[in-house]
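The structure appears below as structure tokens.
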Amino acid sequence: MKPRIISMLLGLVFASFICTTVCLAEEKDIVRGGAYPQEKKGESQMQWAWGEVVSVDPANGALVLRYLDYEAGQDKELNVSVDGKTGYENVSKLEEIKPDQTISIDYYVSPEGKNIASNINLEKAGEGPEQTKTETAPAEKSGTAEMKPSDTNTPVSQGNTTVPSPQ
């Protein structure tokens, strides 16, 4: 009887060891500790550029974009090609893009070293990273609005805030 109990216990321990090993097996592409998986050879990370179109060559499916390189602090030009997978926003094809228009491009670098556009967005008038709508109040002589207490319970509007009248 004892050998049977011992063999059953050993079998149970062995089975639990096998199940634990299978359950804790590691997969190759799991992200650990905040580290991102490394780029595989031949793959390129998506990049973004925003700027003014210098020229468009629909026959060769290419355009040149002038953009500001923030690290160098100077304007640079980027040659970008389009393919059948390129998506468009606010235009339907490359031929509709004209020089001096502002666009943003999502692109990647091909294994051959060519910049290939994944998405091209033609900026509409009034859009863009550097343009924000802000309303400013007219400049006052002393920098504060003059309050005239006509009624002690009536609030006085001052710019974007409402201030109660002095009593």
Among the residues that make up region 97-107, is at least one of them over 18 Å from Val54 (Cα atoms), among the aromatic types (Phe, Trp, Tyr) and either surrounded by 11 or more Cβ atoms within 10 Å (Cβ to Cβ) or modelled with pLDDT under 95 (or both)? no
Failed condition for Gly61, given (1) in contact with a Lys or Arg (Cβ under 8 Å, 6 or more places away or on another chain); (2) more than 15 Å from Leu122 (Cα to Cα); (3) touching a residue at least 12 places away in the same chain (Cβ under 8 Å), with all others met? (1)
Can we say Ser44 is part of a helix (DSSP H, G or I) and either basic (Lys, Arg) or modelled with pLDDT of 65 or more (or both)? no
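The values are calculated or read from the model by the stated rules, or taken from the named source; none is laboratory data. Just so it is clear, the model here is predicted, and its values are computed rather than measured. Glycine gets a Cβ as well: all are built from the backbone with ideal geometry, and neighbour counts include every protein chain shown.
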